[in-house]
Amino acid sequence: YRNTALPRHRNTASPIHRMTASPNHLITAITATLEASKAILDIYHSGAFDIEIKGDNSPLTKADTASHNIIMSYLESTDIPVLSEEGRDIPYKERKAWSQLWIVDPIDGTKEFIKRNGEFTVNIALVENQKPIIGVIFVPVTGELYFSSKELGAYKVKVHLEDYDVDALLSKGNKLPLQREDKTFTIVASRSHMSAETGEYIQQMRDIHGEVKLISKGSSLKLCMVAEGAADCYPRFAPTMEWDTAAGQAVCEHAGFEVIDWETKKSMLYNREELLNNWFLVT
């Protein structure tokens, strides 16, 4: 396992000026994410959100539904089909013909939303031939935006939802990964889904690296922490769905990291017949 904590030179060139492809889809995804986040925060701060339990025993709030509807209103203009957690019932015989699709999680970390700890995100990925080519992740409570594309690489920027300009955000992003001072081998793991197998992996890393720092986070923030260089790896040996990881995988890969399917030992692919992910390792 390579230690991604080694210092890297930061490229501060403006991403919008280095683009080799049209930024329209990235701009649409960022706008959809930020506008949905406004509605999410209105509900989050009101404290008045009804909780339903879906068929898979996961929670659903009216913030999930509001976010889904807003995102769909933006993405439908692209004429690219959408696979969303809140619109998942699309038969594979229809999906398998899609060479491109958006994969959306209107709120990733609904349990964290309900706990009101701020560790939830809005995720949008554009997938082409089963590989994520655009990733957008926004953390509504902190205003942190992660975005990436094959042409640009991966970036992080602070957003003020009351007054933002997407073109300006594209030009102000800090290229990922960032440098970090603490070189202790750092593992990020799920706050809500820590498994026995994850504990075994952490012990293996202690055997290899000696001191190991462990950070617990909710939602796709775990992938973002690897992408920005704050963590060296993220082992996920518990269930996730495609919409939980597609945007984060894009950001990680475009920052120079890998999201490896634990069974195939290759990069995780998307728009599969089985939307449940295998275990994976981000490193």
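The values are calculated or read from the model by the stated rules, or taken from the named source; none is laboratory data. As the structure is a computational prediction, the values presented were derived from the model and not from experiment. Neighbour counts are summed over all protein chains in view; Cβ atoms, including those assigned to glycine, are modelled from backbone coordinates with ideal geometry. In case anyone asks, the SASA skips ligands and DNA or RNA and just uses the protein heavy atoms, side chains included. Shrake-Rupley method; radii C 1.70, N 1.55, O 1.52, S 1.80 Å.
When the stretch 258-267 is limited to residues that are β-branched (Val, Ile, Thr) and surrounded by 15 or more Cβ atoms within 10 Å (Cβ to Cβ), the one that is farthest from Ala247 (Cα to Cα) turns out to be Ile260.
Which of the residues that make up the stretch 238-252 are farther than 17 Å from Val188 by Cβ and either of a type in the set (A, V, I, L, M, F, W, C) or at pLDDT 95 or above (or both)? Within the stretch 238-252, Met241, Glu242, Trp243, Ala246, Ala250 qualify.
Going by what's in this entry, would Ser84 be described as open to solvent by less than 50 Å² (accessible area, probe 1.4 Å) and at negative phi? Against the criterion (open to solvent by less than 50 Å² (accessible area, probe 1.4 Å) and at negative phi), Ser84 qualifies. Applying the condition of being in a loop (DSSP other than H, G, I, E, B) and not polar (S, T, N, Q) to the stretch 203-221 and asking which residue is least open to solvent (accessible area, probe 1.4 Å) yields Gly218.
Taking each residue of the stretch 268-283 that is farther than 11 Å from Thr245 by Cα and in contact (Cβ under 8 Å) with a residue 12 or more places away in the chain and looking for partners that are among the hydroxyl-bearing types (Ser, Thr, Tyr) and open to solvent by 70 Å² or more (accessible area, probe 1.4 Å) with beta-carbon atoms closer than 7 Å, six or more apart or interchain, yields Glu273/Tyr92; Thr283/Tyr1. When restricted to residues that are modelled with pLDDT under 75 and of a type in the set (Gly, Ala, Ser), the stretch 1-40 contains 5.
Filter the stretch 222-241 for residues that are in a helix (DSSP H, G or I) and crowded, with 24+ Cβ neighbours inside 10 Å and give the result. Those that are in a helix (DSSP H, G or I) and crowded, with 24+ Cβ neighbours inside 10 Å: Lys222, Leu223, Cys224, Val226, Ala227.
Rundown of residues vs (1) over 22 Å from Glu242 (Cβ atoms); (2) of a type in the set (Val, Ile, Thr), yes/no style:
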site: Ala36; (1), (2): no, no
site: Ala48; (1), (2): yes, no
site: Ser77; (1), (2): yes, no
site: Tyr92; (1), (2): no, no
site: Leu101; (1), (2): no, no
site: Val104; (1), (2): no, yes
site: Asp108; (1), (2): no, no
site: Glu112; (1), (2): no, no
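The residues on offer are Asn123, Asn117, and the sole one that is among the polar types (S, T, N, Q), open to solvent by less than 70 Å² (accessible area, probe 1.4 Å), closer than 23 Å to Arg272 by Cα and outside any helix (DSSP H, G or I) is Asn123. For the stretch 145-163, a tally of residues being in contact (Cβ under 8 Å) with a residue 40 or more places away in the chain and surrounded by fewer than 18 Cβ atoms within 10 Å (Cβ to Cβ) returns 3.
Among the residues of the stretch 184-202, are any buried (at least 22 other Cβ atoms within 10 Å of the Cβ) and touching a residue at least 60 places away in the same chain (Cβ under 8 Å)? Yes; the residues of the stretch 184-202 include at least one that is buried (at least 22 other Cβ atoms within 10 Å of the Cβ) and touching a residue at least 60 places away in the same chain (Cβ under 8 Å). Within the set Ile43, Ile71, the sole residue that is open to solvent by less than 30 Å² (accessible area, probe 1.4 Å), part of a helix (DSSP H, G or I) and either at pLDDT 95 or above or out of contact with any Ser or Thr (no Cβ under 8 Å at 6 or more places or on another chain) (or both) turns out to be Ile71.
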